[in-house]
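As structure tokens, the structure follows; a few thoughts come after it.
What follows draws every value from the coordinates through simple rules; no lab data is involved. Bear in mind that the values here come from a model prediction, so they are computed numbers and not experimental data. Note: ideal-geometry Cβ built from the backbone for every residue, glycine included; neighbour counts use all protein chains shown.
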Amino acid sequence: MMDHQLFHLDALAAEQDAAGRRYLEFLRTDTMSGGVYTLAAGAEDPQLPHREDELYVVLAGAGVLRVGEAELPVRAGSVAFVAAQAVHRFHDITEDLRVLVLFAPAESDG
């Protein structure tokens, strides 16, 4: 793998939208992975806990991130950390969400 890569969020969003995918992974190394996750206003977030630590950077939209019993209102500019295995999901999405997601180590398949 190269020792650097450059990504443009507008190009990633266009690729994701063209593919019609809720999640688009754009980076994978041994130690981390990154993707863009979208949920429409009013959508239900189907995700389950992950084996990896996760960092969410909200690029656009608004909603609430539930982590365990905590309710975290998020909007463009919010950054949230979720520990591995924590039960979490977005809900009460009032504006279409587009979220940059970083996993460490790289997200596993199961």
Worksheet item: Any idea what the dipole of the range 22-104 comes to, in debye rounded to 20, about its Cα centre with Lys/Arg Cβ at +1 and Asp/Glu Cβ at -1?
Response: 120 debye
Practice prompt. Describe numerically, in nm with one decimal, the distance between label points set 7 Å from Cα along Cα→Cβ at E44 and at R22.
Written response: 1.0 nm
Response to the item:
Counting only residues 5 or more apart in sequence or on a different chain, those whose built amide H sits under 5 Å from that of D53 are A84, A104
Worksheet, complete the sentence: Here the gain from full extension of F81 to A104, 0.36 nm per residue of separation minus their alpha-carbon distance, amounts to 7.2 nm
Practice prompt. Putting +1 on Lys and Arg Cβ atoms and -1 on Asp and Glu Cβ atoms, find which of L97, A84, P49 reaches farthest to the positive end of the dipole of the range 35-110.
Written response: L97
Fill in: Estimated vicinal HN-Hα couplings, Hz - the range 70-86 in sequence order (Karplus 6.51, -1.76, 1.60; Gly, Pro = x)
7, 10, 10, x, 10, 8, 3, x, 6, 10, 10, 9, 10, 6, 3, 6, 5
